[in-house]
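Below is one structure, written out as structure tokens, with a few remarks after it.
Derivation of every value follows stated rules applied to the coordinates shown; laboratory data play no part. Quick caveat: nothing in here was measured; it's all calculated off a predicted structure. We place every Cβ from the backbone using ideal geometry, glycine too, and count neighbours over all the protein chains shown.
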Amino acid sequence: MLALRYHYSVPRYLLGRLGSWLRPRHFFRRLAPLRLEEVPFRPPSPRWVILKSRLCGICGSDLNLLKGAESYLLEPYASFPCILGHEVVAEVAEAPPGSGFRPGERVAVNPLLPCRARGLPPCEACREGQENLCENFTQGDLAPGPLLGFHRQAGGGMAEYLAAPPESLVRLPEELSDEAAVLGDSLASALQPVLDHFPADSDTVVIYGAGIIGQQVLRALRTLGSSARLVMVARHPFQAELARAGGADIVLLSPSRRELGEALGARYLPTTLGGGNLEGGAHRFFDCVGSRASLQEGVVALRARGTYVLVGTAGRVGPVDLSSLWFRELRLCGSAMYGQGILRAQPRRTYELAVELLARPSYPRSGLLTHTFPLRDYVPAFEAAFDKRRHHSVKVALDPRR
């Protein structure tokens, strides 16, 4: 089958890091260890369902891998060479007896590979429904890797075929198009921190970063009924338009600290060095960027005992002044992938809830999927995903059928 495969190379990874530092919006296709090639298809287990990929989104973690921006500490949680792609909409091609699926059904694929996929008894996190925090991503019958798309055995969606455990598949309602369903993974990633840190209606919330994850955090909050005051920080005007359509109360374009403080109703306190401080401010800060600048603005923009949630993937972020962390007794926490959350006092599997919300006619998904390319055109696809300013890209997807 035809597949887009990533080949592990330390020199190319480091060159990608250097290239990204010099030109952060450029896809260095000659440096990237990617090859579109014919590869044999071998499902990791006879009990897995064989799927024909229909659409696969390009995720920020895919881009970080090519930029050399993934943390070195995460190296043990991947196995190479791997077929990229974990934001998958697929059609069942073959289903083993007892799987509960039949050929022709359309599904979204929860790409996690926790204990149940590895032939292991559930760890403590898996027993509690938090499979995103599984303690055995490097153990069991499978090679290391928490996800399809970063795994040498399990494959990924940037190929004609892949396979997945039957319990990882979510049936798609007929009224939900492939183009809408491919937004499910980004919505699930946004839903998890929203469910875990749902604000009170009287709260002021900052959503920092207006890419696909930030847009989905905004829409998830509004769709689940939040009346909190939502302040969105965007980099590009087209992102600001999407934020207004998604229900933001205030949208700021690359604001100064003083401007952010004014929007939050905080007092600006000048400092001789360091750009000033804020007193008062937000109750919640969803950081959908994961940079030094976003972390710094987050800890400054929060009021006493506010909560900073790192949603965007981040490794090293450089020097940050953390005096507000202790001075205001802030809470800092991360949010990785998706597992289970509480909605109206009931536990819900986050990925299934994401598909359910996308199927609602009221969910504002227009304008989120901006580009689709045939698999063979992966180079312009990644160019569009890398350079949001030029291409006005939000979510870019590949179609292996074309």
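Running a GNM on the chain with Cα contacts under 10 Å, which residue among ALA159, ALA188, ALA266 ends up with the highest mean-square fluctuation? Maximum fluctuation in the GNM of the chain, among the listed residues, is at ALA266. Here the Karplus relation 6.51 cos²θ - 1.76 cosθ + 1.60, evaluated at θ = phi - 60°, turns the backbone of region 10-21 into coupling constants of 4, x, 5, 4, 5, 5, x, 5, 5, x, 5, 5 Hz, with x for every Gly and Pro.
For VAL251, what is the net charge nearby, where nearby means another residue's Cβ is under 10 Å from its Cβ and Lys, Arg count +1, Asp, Glu -1? Residues close to VAL251 contribute a combined charge of -1. Beta bridges assigned by DSSP with both partners in region 269-370 are antiparallel in approximately 35 percent of cases. Using a simple spin-label model with pseudo-atoms 7 Å out from Cα toward Cβ, HIS7 and TYR77 lie 2.7 nm apart. Each stretch of four or more DSSP H residues adds -39500 (n - 2.57); spread over every residue of the chain, this sum gives -7500 deg cm²/dmol at 222 nm.
In the chain, what is the volume of the convex hull around the alpha carbon atoms, normalised per residue and reported in Å³?
Values: hull volume 55.1 nm³, N = 402.
In the chain, the Cα hull volume divided by residue count equals 137 Å³.
Apply 1/(1 + (r/R0)^6) to the Cβ-Cβ distance of GLU356 and THR272, taking R0 = 51 Å, and write down the FRET efficiency to the nearest 0.05.
Working: r = 52 Å, r/R0 = 1.03.
In this case the efficiency is close to 0.45.
Sort PHE101, PHE41, PHE27, PHE386 so that the residue with the fewest other Cβ atoms within 10 Å of its own Cβ comes first and the one with the most comes last.
With the sparsest Cβ surroundings first, the list reads PHE41, PHE101, PHE386, PHE27.
Of the beta bridges in the chain, as assigned by DSSP with both residues counted there, near 55 percent are antiparallel.
Starting from the Cα coordinates of region 186-340, work out the convex hull volume and express it per residue in Å³. Kindly include the intermediate steps, with their values, before the conclusion.
Working: hull volume 15.8 nm³, N = 155.
So the per-residue Cα hull volume is 102 Å³.
If you wrap region 255-382 in the convex hull of its Cα atoms and look at it from every side, the mean projected area works out to 11.7 nm².
Across region 186-340, C-alpha contacts under 8 Å between residues 6 or more apart give a mean separation that, scaled by the residue count, equals a relative contact order of 22 percent. Remark: TYR161, TYR8 ranked as TYR8, TYR161, counting other beta-carbon atoms within 10 Å and listing the fewest first.
Within region 186-340, DSSP assigns beta bridges of which about 10% are antiparallel (rounded to the nearest 5).
A Förster radius of 45 Å, combined with the Cβ-Cβ distance separating LEU22 from GLU105, puts the computed FRET efficiency at roughly 0.45. What residue among SER168, SER366, SER61 shows peak mean-square fluctuation when the chain is described by a Gaussian network model with Cα springs under 10 Å? Judging by the Gaussian network model, the answer is SER366.
For region 247-264 versus region 39-114, the spacing of their alpha-carbon centroids is 38 Å. Amide H to amide H, with H built 1.01 Å from N, ALA282 comes under 5 Å of LEU302, ARG303, counting only residues 5 or more places away or on other chains.
Where does the charge balance sit around PHE386 when Lys and Arg score +1, Asp and Glu -1, over other residues with C-beta under 11 Å from its C-beta? Can you show the working numbers first?
Numbers: positive: ARG23, ARG25, ARG29, LYS67, LYS388, ARG389, ARG390; negative: ASP62, GLU383, ASP387.
Residues near PHE386 contribute +4 overall.
Exposed loop sites here mean GluC sites (Glu not before Pro) with a DSSP loop assignment and at most 12 other beta-carbon atoms within 10 Å; the chain contains its longest site-free run at 1-173. Among the lysines, select those whose C-alpha is under 28 Å from the C-alpha of LYS52, and discard any that sit fewer than 8 residues away in the same chain. List returned: LYS395. Fewest neighbouring Cβ atoms within 10 Å first, the residues TRP326, TRP48, TRP21 line up as TRP326, TRP21, TRP48.
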